[in-house]
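Read through the structure below, which is laid out as C-alpha cells, and then see the notes.
The values are calculated or read from the model by the stated rules, or taken from the named source; none is laboratory data. These figures come from a predicted structure and were not determined experimentally. Every residue, glycine among them, receives a Cβ derived from its backbone with ideal geometry; neighbour counts consider all protein chains shown. All accessible areas refer to the heavy atoms of the entire protein, side chains included, with ligands and DNA or RNA removed. Shrake-Rupley method; radii C 1.70, N 1.55, O 1.52, S 1.80 Å.
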Amino acid sequence: MSLTEAETVDWAAARKEMERWYWWGIPTFFRAPWDEEPGGSEIAVLGVPHSSGNGSTERDQHLGPRAVRHVSALYRRGHGRFGFVPWDVCKIVDAGDVPLPEAMVNDTSVRHIELYAKRFAAAGTRVVSIGGDHSITGPLLKAVAGPGSPMTDGKPVALVHFDSHTDSYHHLPHWLGNRRSAAHWSSYTAIEGNVDPTRSSQIGIRPNVGTPGSRNTSEELGYRVIGMDEIERDGWERVASQVRDRVGDAPVYVTFDLDVLDPADAPGVSNIEPGYPGLRIGDAVRILQSLRGLNIVGGDIVCLMPTKDSPNQITAMNAMVVAFEMICLMADRMRTDKPEHRPA
C-alpha cells in the first residue's frame with residue numbers, strides 16, 4: 001500500500017468496525033472506554049488486584065481483574081431479559097485498577113482501597129469492582145455506605161451477599177495476622193454502621209464450612225443466612241422473594257464471592273467447596289435479576305483464581321456475567337430517572 005492509498009483509508013471508520021471483534025484492540029472491561037477520573041462516568045468498573053487478605057489459601061486473586069478484562073471483550077452488550085443496552089443509557093467506563101503499592105500488607109492496602117473508592121462515591125459514580133480476595137469488600141462498603149456517605153445519605157446499605165462462607169468471624173481477633181481480612185469484613189462493616197444486617201442476606205452458605213460457630217456470628221449480628229440446603233429445598237424463586245422483601249426500600253450493595261457457585265461452574269476460585277452442591281450460575285443470575293428496580297449503589301465480584309481456572313476460562317467468564325448483571329441493574333434503575341430512556 002502506498003502512502004497515497006493509506007491516506008484514503010478512513011481509519012476512524014475502520015476502528016469502529018473492528019470494535020465488535022474481541023481479539024482486536026486493548027482489552028478493557030467489556031471494551032468500555034478507559035477513564036480513571038472519578039467523575040468521568042456514571043458507572044465505573046474498577047479493578048482491585050489484591051490478594052493478601054486471605055492468607056489461608058492460594059493468593060493469585062490479584063490476577064482476577066486482568067482475566068475478566070480479557071474474556072469480557074467477547075461478551076454481548078445487550079441485556080436480553082431487560083431489553084436494553086446499558087451503554088446506550090449510561091456512561092460506563094473501565095476506571096483502571098486501584099494502586100496498591102504495599103500489596104503484601106493487607107491492612108494498609110485495605111485502607112488504600114477505601115480511600116481510592118471514596119473518590120468515586122464523592123463524585124456520585126457507582127462502582128462495580130472486580131477483585132481480588134474478599135477482604136476488598138470491607139473498604140468498598142466503607143467508601144460507599146454509612147456515616148458521611150453521599151451515595152446513601154449517610155445510611156447503611158442492605159447487603160446482598162453471595163458466598164459459601166459467612167465472613168463474619170468477629171469471634172476471632174485476626175486471620176493469620178490480618179484484622180480487616182476476608183474472614184472479618186461482614187462483621188466489622190455491620191458493627192461500624194456501613195451495613196444494616198437486619199435488611200441483609202447471606203446466600204448460598206455451604207452446610208459444612210468454616211470454624212465452628214461461624215454461622216452463629218452472622219445470626220448474632222442480625223443477618224439472614226440462606227444456606228444451600230434451604231435453596232435446594234425451596235428453589236431460587238422463593239429465595240429471591242425473601243431477599244427482596246428483606247431489603248425493603250434500603251440502598252443495596254451486592255457482593256458476589258465466586259465460590260458460592262458449584263465447582264462445575266467455577267473451578268477457579270480460592271476457597272473451592274467440593275462435595276456439597278453450590279449455586280448454579282443460571283439460578284444466581286435469576287436471583288440477581290430479581291433485584292431489578294432497587295437502588296444498587298455498588299457491587300463487587302471476588303475470589304477469582306485464574307491460575308486454577310479451566311482452559312476455557314469458565315470461572316472468569318462467569319465472573320464477567322455477574323459483573324454485567326450488576327452493571328445492568330444499576331443502569332436500568334438509572335434510566336428510569338431519564339425521561340428519554342424510560343421503557344414504554
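Hey, how much of the P(r) for the chain falls beyond 30 Å, as a percent of Cα pairs? Of the Cα pairs, 31 percent sit more than 30 Å apart. Relative intensity of the stretch 17-106 on a log10 scale, I(q)/I(0) at q = 0.12, 0.15, 0.19 Å⁻¹, equals -0.46, -0.68, -0.95, per a Debye sum over C-alpha point scatterers of equal strength in the absence of solvent. Of the residues E237, E220, E325, ranked by 1.4 Å probe accessible area with the largest first, the sequence reads E220, E237, E325. Peptide packing: for 101-113, 79-91, the average count of neighbouring Cβ atoms within 10 Å per residue gives the ranking 101-113, 79-91, highest mean first.
What are the equivalent ellipsoid semi-axes of the stretch 190-344, built from the alpha-carbon gyration tensor (square roots of five times its eigenvalues), in whole angstrom, biggest first? If you can, show how the numbers build up before the last one.
Working: eigenvalues 132, 91, 40 Å².
Square roots of five times the eigenvalues give 26, 21, 14 Å.
Using a probe of 1.4 angstrom and keeping all protein chains present, the accessible surface of the stretch 122-241 works out to 35 square angstrom per residue. Taking the Cα centre of the chain as reference, the dipole from Cβ charges on Lys and Arg (+1) and Asp and Glu (-1) amounts to some 480 debye. Give me Rg/Rg_expected for the stretch 127-194, where Rg uses Cα atoms only and Rg_expected = 2.2 N^0.38 Å with N residues. Normalised Cα radius of gyration, the stretch 127-194: 1.09. For V269, the amide hydrogen comes within under 5 Å of the amide hydrogens of M305, counting only partners 5 or more places away or on other chains and with H modelled in the peptide plane.
Computed 3J(HN,Hα) for the stretch 163-171, one whole-Hz value per residue from the Karplus formula 6.51 cos²θ - 1.76 cosθ + 1.60 where θ = phi - 60°, is 5, 8, 10, 7, 6, 10, 7, 6, 7, glycine and proline marked x. Computed from the alpha carbon atoms alone, the convex hull of the stretch 237-306 holds 92 Å³ per residue. Placing a label point 7 Å from the Cα of R77 along the Cα-to-Cβ direction, the residues of the stretch 22-37 whose backbone N falls under 19 Å of that point are 22-36. Close amide H contacts of R280 (hydrogens built in the peptide plane, cut-off under 5 Å, sequence separation of 5 or more or a different chain): D262.
Karplus-derived 3J(HN,Hα) values for the stretch 113-121, using 6.51 cos²θ - 1.76 cosθ + 1.60 with θ = phi - 60°, are 4, 4, 5, 5, 5, 4, 4, 6, 4 Hz; glycine and proline are entered as x.
Suppose R0 equals 22 Å. What FRET efficiency, 1/(1 + (r/R0)^6) with r the Cβ-Cβ distance, do R15 and N312 give to the nearest 0.05?
About 0.15, to the nearest 0.05.
Couplings for the stretch 314-320, taken from phi via the Karplus curve 6.51 cos²θ - 1.76 cosθ + 1.60 with θ = phi - 60°, read 5, 5, 4, 5, 5, 4, 4 Hz in order; Gly and Pro are left as x. Rounded to whole Å, the principal axis extents of the Cα atoms in the stretch 275-344 read 47, 23, 21, largest first.
Extension gain R280-E192, at 0.36 nm per residue separation less the Cα-Cα distance, in nm?
Working: separation 88, 0.36 × 88 = 31.68 nm, distance 3.29 nm.
Difference between extended and current length: 28.4 nm.
Using 0.36 nm per residue and subtracting the Cα-Cα separation, the extra length available between W23 and S56 on full extension is 8.3 nm. Highest mean packing first, where packing is the average number of other Cβ atoms within 10 Å per residue, the peptides 127-139, 158-170 line up as 127-139, 158-170. Rg/Rh for the stretch 55-103 stands at 1.11; both radii use Cα atoms, and Rh follows the Kirkwood definition.
Residue ranges 196-204, 66-74 sort as 196-204, 66-74 when ordered by packing (mean number of other C-beta atoms within 10 Å per residue, highest first). For the stretch 63-194, the Kirkwood hydrodynamic radius comes to 16.4 Å, computed from all pairs of different C-alpha atoms.
Taking amide H as placed 1.01 Å from N in the peptide plane, S129 has its amide H under 5 Å from the amide H of L46, G299, D300, I301, each at least 5 places away in sequence or on another chain.
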